[in-house]
Amino acid sequence: MPRVVILKTGNTYPALREAFGDFDSWFAARLAPELNTHVVDVTVDDLPGQPEDWDGIVITGSPAMVSDREPWSEQTGHWLAGAVRAEIPVLGVCYGHQLLAHALGGEVGFHPRGRETGTHPVELLDTALDDPLFKGLPRRFPAQLTHRQSVLRLPDNAVLLGRNEFEAHQAFRVGPCAWGVQFHPEFSSDVMRAYLEVQAPDLVKEGLDAEALLAEVTSAPEASSLLDRFSQIVMNR
């Protein structure tokens, strides 16, 4: 069985963890069952050997901020850069997306317009039409999002694949098989609603309409399909 490591970069809110499990369990549930998945919490544990020890690598989201450059985060970024050079399939999500960009020479920081959260459309560009991960998806599909930091500048060798009105860099690829996505393919609509309910007091302070965002949450099957698509890429190599 192909071996995939899930690099866990933090924990979700306690209320969500009690109701739904944590980040790593959401990924494990949506990756193909034919994969042999292992979880390593890089915030407290050693990095999992060499990138070449793995057939695929997934990096989770986190409440941490890439721009803080915590030692564990910087060390993980260096390790990921090695994985990209070795052409190991990599999928970074939210924090993982930002960390991948940072590790490869991009710029990460707070989005000048603040927070993006809830279900929002993602628009694929022409570059995604023949991309191994995205080809065959609709040019526009809903996705679950929650972030305050963004990739402000892509690495020089990155290919931009997706964006939306708020976020210029929703998806990118570097090399043949390393992807970052700002949105959350591992989120269910129930998890997205739970995030908004926890965030509601802060959203009101930030001038966002928490009730409207809750009402607009929908399922996002095309976005969620990326985890199975990534699984197929790992298994077919």
Just for segment 52-74: of the residues that are in contact with a strand residue (DSSP E or B) (Cβ under 6 Å, 6 or more places away or on another chain) and of a type in the set (S, T, N, Q), which one is farthest from residue 149 (Cα to Cα)?
60
May I ask you to verify whether residue 100 is in contact (Cβ under 8 Å) with a residue 60 or more places away in the chain and either open to solvent by 40 Å² or more (accessible area, probe 1.4 Å) or outside any helix (DSSP H, G or I) (or both)?
no
Do we have any residue at all in segment 38-51 that's more than 23 Å from residue 149 (Cα to Cα) and among the hydroxyl-bearing types (Ser, Thr, Tyr)?
no
How many residues are within 15 Å of residue 3 (Cα to Cα) and open to solvent by 30 Å² or more (accessible area, probe 1.4 Å) when one looks only at segment 219-232?
2
Mind telling me which of the residues 159, 174 ends up being crowded, with 22+ Cβ neighbours inside 10 Å and under 17 Å from the mean Cα position of the chain (by Cα)?
174
Inside segment 199-218, can you point out the residues that are closer than 21 Å to residue 93 by Cα and exposed (fewer than 15 other Cβ atoms within 10 Å of the Cβ)?
218
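The values are calculated or read from the model by the stated rules, or taken from the named source; none is laboratory data. Not measured: the values here are computed from a predicted model. Cβ atoms come from the backbone with ideal geometry, glycine included; neighbour counts cover every protein chain shown. All accessible areas refer to the heavy atoms of the entire protein, side chains included, with ligands and DNA or RNA removed. Shrake-Rupley method; radii C 1.70, N 1.55, O 1.52, S 1.80 Å.
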